[in-house]
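A short worksheet on the structure shown next.
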Amino acid sequence: MAPRSCPDPTCGIARSLDVLGERWALLVVRDAFFGTTRFSDFRASLGVSPDVLAARLASLVEVGVFERRSYREPGERERDEYLLTEAGRELVPVLAALGSWGGKHRPVEAGPRAAYRDGGSGDAVRLAFVTADGREVSPGDVTMTRSAGAAV
């Protein structure tokens, strides 16, 4: 499935939503971060219909979020697994930001489903806006402005 045409091709948010804006896309990516690689495991975890899952996986492969690789279990037919590419792995701050927002503004009693940690030390990490000189800025103090190349 080719990405839809974006109303403002200079807007990175709109171009990203062309790829990731389908209902199940980011949940498939989330489960890949949890280690899921196989169609049947994505389906079991998400409860999504096979047709919808196949379409999401195909579109995520097409745009380079996943790489499809064949595997064969002994005595079984060849199947595909889906592995995050570098572009896919770079979605972790997007997932963390959405999870943080959901935890704050749409909390559930069970708490968050994901925790983010430094892969080396295991220390908890969090997202932050940081200036070029290393100063952390509160999200409430961040403004978003149009860049020089932005369409109006």
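Couple of notes before you dig in:
- Test: residue in region 46-58 that is surrounded by fewer than 15 Cβ atoms within 10 Å (Cβ to Cβ) and either farther than 27 Å from R113 by Cα or in contact with a Ser or Thr (Cβ under 8 Å, 6 or more places away or on another chain) (or both): no
- Those helices (runs of 4 or more DSSP H) lying entirely in region 15-111 with at least 3 residues more than 12 Å from the chain's Cα centre (by Cα), modelled with pLDDT of 95 or more and of a type outside the set (G, A, S): 39-46, 50-62
- The one condition from (1) surrounded by 10 or more Cβ atoms within 10 Å (Cβ to Cβ); (2) of a type outside the set (A, V, I, L, M, F, W, C); (3) assigned to a loop (DSSP other than H, G, I, E, B); (4) without any contact (Cβ under 8 Å) to a residue 12 or more places away in the chain that D133 does not meet is (1).
- Scope region 59-114; condition in contact with a Ser or Thr (Cβ under 7 Å, 6 or more places away or on another chain), closer than 19 Å to L17 by Cβ and among the aromatic types (F, W, Y); matching residues: F66
- Checking G12 against (1) closer than 23 Å to E78 by Cβ; (2) free of Cβ contacts under 8 Å to residues at least 12 places away in the same chain, the condition it does not meet: (1)
The values are calculated or read from the model by the stated rules, or taken from the named source; none is laboratory data. The structure presented is a predicted model; accordingly, all values stated were derived computationally and were not measured. Every residue, glycine as well, gets a Cβ built from its backbone with ideal geometry; the counts of neighbours run over all protein chains shown.
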